[in-house]
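Please read the structure below before turning to the comments.
The values are calculated or read from the model by the stated rules, or taken from the named source; none is laboratory data. Predicted model only: the values in this text are computed from it and were never measured. Counting neighbours? That spans all protein chains shown, and the Cβs are built from the backbone with ideal geometry, glycine included. Surface areas here come from the heavy atoms of the whole protein model, side chains and all, with no ligands, DNA or RNA. Shrake-Rupley method; radii C 1.70, N 1.55, O 1.52, S 1.80 Å.
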Amino acid sequence: MEHYNPRNVEEVFKEFKGRRTALLTALTTDFDEVYRRCDIPGRNGKLFLMGHPGEEWEVNFAGRGMHGELPQPHSGINFARERMEKREWLTMLAIHSDIWLLAVAFSFSSSLGHDKADKYVFDILKRERIE
């Protein structure tokens, strides 16, 4: 997967939208596939769900394929899957995905030196509807 390092507010927002779309797809349209990929009998590794800026998602083992500067997504989703009803597991996965998505956006945003122009652009972007 290609790693993306946003350099301004617009790029942080674009990356947020791409990752958000990926996670929404994983948790809705592709949910059965996500559920299936987390069924790995005999493997002790902790799995995580991650969205990429190009609107693609992946389920992978913790520590693999992670960009060093990104906050780590919640890992161990495969262990929780075995102990929960499918609907409860989906809810837990959605909550952890939201938390991770915001952590990534704040992480990138905090590395930028914001000025008045950036704050103005951010206010405009906040008012736009995220589709």
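Observations on the structure shown:
- For the residues 87, 19, 7, a 1.4 Å probe over the protein chains yields an accessible-area ranking, largest first, of 87, 7, 19.
- Local net charge near residue 51, Cβ-Cβ under 9 Å (Lys/Arg +1, Asp/Glu -1): -1
- Exposure ranking of 100, 57 by accessible area [1.4 Å probe, largest first]: 57, 100
- Segment residue 79-residue 40, length gained on full extension (0.36 nm per residue, minus Cα span): 13.0 nm
- A 1.4 Å probe over all protein chains sorts 28, 21 by accessible area into 28, 21, starting with the largest.
- The Cβ shell under 11 Å around residue 37 holds other residues with a net charge of -3, Lys and Arg each +1, Asp and Glu each -1.
- Residue 95-residue 61 pseudo-label distance in nm [points 7 Å out on the Cα-to-Cβ vector]: 2.8 nm
- Approximating the spin labels as points 7 Å out from Cα along Cα→Cβ, the residue 112-to-residue 14 distance works out to 1.1 nm.
- Cut-off 14 Å between beta-carbons: net charge of the residues surrounding residue 104, Lys and Arg +1, Asp and Glu -1: 0
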